[in-house]
Amino acid sequence: MPHSQLRIVIVGHVDHGKSTLIGRLLNDTGSLPDGKVEQVREMSRKRGMPFEWAFVMDALQAERDQGITIDTTQIHFKTKQRPYVIIDAPGHTEFLKNMVTGASQADAALLVIDADEGALEQSRRHAFLLHLLGVRQVAVVVNKMDKVEFSSHRYEAVAQEIKDYLAELGLQPKAVIPVSARNGDNIVSRSEQAEWYLGPTVIEQLDAFRPQQTSPDQPLRLPLQDVYKPDDRRILAGRIESGRLRVGDTLHFSPTGASAKVVSIEAWNHPETVLSAQAGQSIGITLDKRIFAERGHLAHHQSDAPTLAHRLSVRLFWLVSDPLVVGKTYTLKIATAEHRVTVEQVTAVINVEDLSSTPGKAVRRNEVAEVVLRSRSPIALDLASELPRTGRGALIDGNDVVGGCLVVEIEDAAAANITEVSHTVSLEERAQANGHKGGVIWLTGLSGAGKSTLAMALERALFDRGWQTFVLDGDNVRNGLNAGLGFSSDDRAENIRRVAETAKLFADAGMVVIASLISPLKADRARARVIGGERFHEVHVAANLATCEERDPKGLYKKARAGEIAEFTGISAPYEAPDQPELLIDTDALSRSEALAQLLDYVDETLGKNSLKSEKELTYVI
C-alpha cells in the first residue's frame, strides 16, 4: 500500500546539476508525459545545444532563455512506495528568497554538490538555510562523479567535508550518494562505475524518508486562519500545528487571554461527527460563548500555554540588498500572526563558511545573524527547538519577505531586573473604605457619538456621590502621557496600551477610571481588556455616522472630508464596533440625561455598594 505524499526540496549551487538531477528523476521513474523527451531533444537541436535533462522541468520560457531556474516550481512524480512533490528551489544567489519559500514547506531535502568543486560557499549557505528552516531529513547528492572518473577518494573527501559542516549545524545526513545525473548513475539503478559505494540510490533514499510528523502529545497549538459565519454559528478555522483537542476542551486564546469551551469540531468533507482532532488536521471549531478571536490568535490549553513576549532573540538569514539595521521596524510573521517589531540589537553576525561570529550593527544580504527584536504588542510564541511551527517565522518589509528566522530565546531584560512589590492595602479594604469597587469604564465609539460628554457627566455624578473617580480622555492623554506618539497604526496601538495600563493602576488604587477613546480596532480593545482583567467594562457609545458628522463638535469630519486629516475613523479608516460590549448606549435614540442614567445604573450595579462581596470574590485576575 503506497505511503502518503512526501514533499522534498532539492537545493544546490546553480552549476552543480540540480535541474539535471530533477529531469533525470522524472524520466527514470516514468513520470514524464509522452513526447516530453523528444520535445526537449528538438528544442536543443534547434538551439544548437547538446541535450540537457535540465530543460525537462523548466516550467517557464524565461528560465530556458536565461539558463537558470528563477522560480520555485512544484513537480509531481511517483515511485512504487509513494507520490512525491519536488519543490525545486533556485540555486542562484539572486533567488534565495524563493529557496526559503520552498524549503519551508519540505519534509526532506537533497543537497546537490559538484564532486569536482566540493562544498562551495553557496552550498554551505543552503545547508545553513535547511537548518534554519527546520528541515531535519537531509541527504547529500555528490553529482558529476563522471568528471572525477568516479574516484572513491574524491567522493570520500567531499563527503567528509560536508558531513563535518552539517555536524556543526546539528544535522546528520541520511546518506551521501555519488551520482552522475546526466548519465543516470545511482539515480534509480546502481552504477557499475561505483561498485565501491554500498549505500542507497537516490530513489531508495527518497523512499526511506518519512513525512514530517508533529506529535499529538506535544502542547496544543492552533493558530487561527479565519473566522467564518455561514449561518448563526461562528466557526474558528485553522490548522492544528501540534497537540490535539477534543469536544468539551476549554481553549485559551493568546494574546487576548479569552477562553471558551469547544462545542463542536467541523471537518470538511467528513459526514460523521468529529469528536477530536490532532496535529496536521485543518479544522473549524465552534465555542460555547462569543469571544473576540481573529486571524493570528493562538488557541491552546491553559496547562501548556505559549510564552507572551515583547522581546525575543532570533537567528535569521537576511535575503535582500538593503541591510537589516538597528532601529528599523519590520513585520514578523509567525504562523498566522503578524506583529510589528523593531530591531533592538544585532548580537552577532555568523560567518557561514566556518560558523564563527562577530559583533555587528547591520546584517547584509545572505548573512546569518543573532538579532534581538522588540514588539509593542505581545507575541504568542515558542522556542523553535521545542515547537518549530510556532517558533519559526519570517520578516517582511512592505510586501517583501526579507528574512527567515528561528526563535532561540524569549526574554525581557527589563523585567528580569524588576520585582513587583505587593501592596499592604488589599482590594477589599479599598472597596470597603471607598464604598465601591475600582474599575475601568471603557467608552468606545465614533468621534461625535458623545463619549467625552458622557464621561465628564459620569465623573461629575460619581464625584458628587463621594466616589473616587477620574476621566482619561483621548485628547487629554495625547497632550501629556502620550504626547510623543504620532498617528501611525503602531502609535495608535501603543496609545491604547498606555491608557489601558494607566487605567489599570487607577483601578488598583480603588478608583473608577473612565477611559474615553475612539479605540476603533477590536484587537486594541481586546488587549486593553486583557490588561484590565475582570474590572474592564466595555461601553459602546453608539451613533450612526450621519449623526456624528452632523454634530461634529470639533470640526474634524469637515477637515476629513476636505482631505486635511488622513486615516480619520468613520471616513477614511474603519471603526470596528464591539460584538458583545458590557453596555450599549444608543445616543441616537437617547437624550443626554437618559444616556447618563443608563450608564449610572450600570456602574451602580457592577461597582456600587450592592456589588461589594467577600474578599475571595474581590480577588481579581489582572
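The table that follows gives values for the structure above.
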read-out: Filter result (at pLDDT below 90 and within 16 Å of E501 (Cα to Cα)) within the range 462-475; value: G474
read-out: Test: residue in the range 159-172 that is within 19 Å of V14 (Cα to Cα), at pLDDT below 95 and over 36 Å from the mean Cα position of the chain (by Cα); value: no
read-out: Boolean, A500 is aliphatic (A, V, I, L, M), touching a strand residue (DSSP E or B) at 6+ places or on another chain (Cβ under 8 Å), within 22 Å of G296 (Cβ to Cβ) and buried (at least 22 other Cβ atoms within 10 Å of the Cβ); value: yes
read-out: Some residue of the range 314-328 being aromatic (F, W, Y), open to solvent by less than 20 Å² (accessible area, probe 1.4 Å) and touching a residue at least 24 places away in the same chain (Cβ under 8 Å); value: yes
read-out: Residue in the range 564-582 that is of a type outside the set (D, E, K, R), open to solvent by 60 Å² or more (accessible area, probe 1.4 Å), modelled with pLDDT of 95 or more and out of contact with any Lys or Arg (no Cβ under 6 Å at 6 or more places or on another chain) present; value: no
read-out: Any hit, the range 253-261, residues being open to solvent by less than 40 Å² (accessible area, probe 1.4 Å), more than 15 Å from P223 (Cα to Cα) and among the β-branched types (V, I, T); value: no
read-out: Of the criteria (1) in contact (Cβ under 8 Å) with a residue 40 or more places away in the chain; (2) within 20 Å of I113 (Cβ to Cβ); (3) not hydrophobic (A, V, I, L, M, F, W, C), which one R154 fails; value: (1)
read-out: Failed item, numbered, when L443 is tested on (1) part of a loop (DSSP other than H, G, I, E, B); (2) under 30 Å from A560 (Cα atoms); value: (1)
read-out: Selection within the range 3-30 - buried (at least 18 other Cβ atoms within 10 Å of the Cβ), part of a loop (DSSP other than H, G, I, E, B) and among the small types (G, A, S); value: G17
read-out: Residue match in the range 458-476 (condition: open to solvent by 30 Å² or more (accessible area, probe 1.4 Å) and within 34 Å of the chain's Cα centre (by Cα)); value: yes
read-out: Tabulated pairs, the range 275-293, first at positive phi, second assigned to a loop (DSSP other than H, G, I, E, B) and open to solvent by less than 10 Å² (accessible area, probe 1.4 Å), C-beta under 9 angstrom, 6+ apart or interchain; value: G280/I240
read-out: Hits in the range 176-192 (condition: more than 21 Å from L120 (Cβ to Cβ) and hydrophobic (A, V, I, L, M, F, W, C)); value: I187, V188
read-out: Conditions (1) within 19 Å of G12 (Cβ to Cβ); (2) open to solvent by 70 Å² or more (accessible area, probe 1.4 Å); (3) part of a strand (DSSP E or B): number failed by Q225; value: (1)
read-out: Hits in the range 329-345 - residues which are open to solvent by 30 Å² or more (accessible area, probe 1.4 Å) and β-branched (V, I, T); value: T329, T342
read-out: Residue ID - nearest to V140 (Cα to Cα), chosen from residues in the range 170-212 that are part of a helix (DSSP H, G or I) and open to solvent by less than 10 Å² (accessible area, probe 1.4 Å); value: V202
read-out: Close pairs from the range 179-204: first more than 20 Å from I8 (Cα to Cα), partner β-branched (V, I, T) and part of a loop (DSSP other than H, G, I, E, B), Cβ under 6 Å, at least 6 apart; value: D185/V179
read-out: The range 583-595: number of residues that are surrounded by 14 or more Cβ atoms within 10 Å (Cβ to Cβ) and either charged (D, E, K, R) or closer than 15 Å to R525 by Cα (or both); value: 2
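The values are calculated or read from the model by the stated rules, or taken from the named source; none is laboratory data. None of the values given here were measured: they were computed from a predicted structure. Quick reminder, even Gly has a Cβ in these numbers, built from the backbone with ideal geometry, and neighbours come from all protein chains shown. The accessibility values were calculated without ligands, DNA or RNA, using every heavy atom of the protein model including side chains. Shrake-Rupley method; radii C 1.70, N 1.55, O 1.52, S 1.80 Å.
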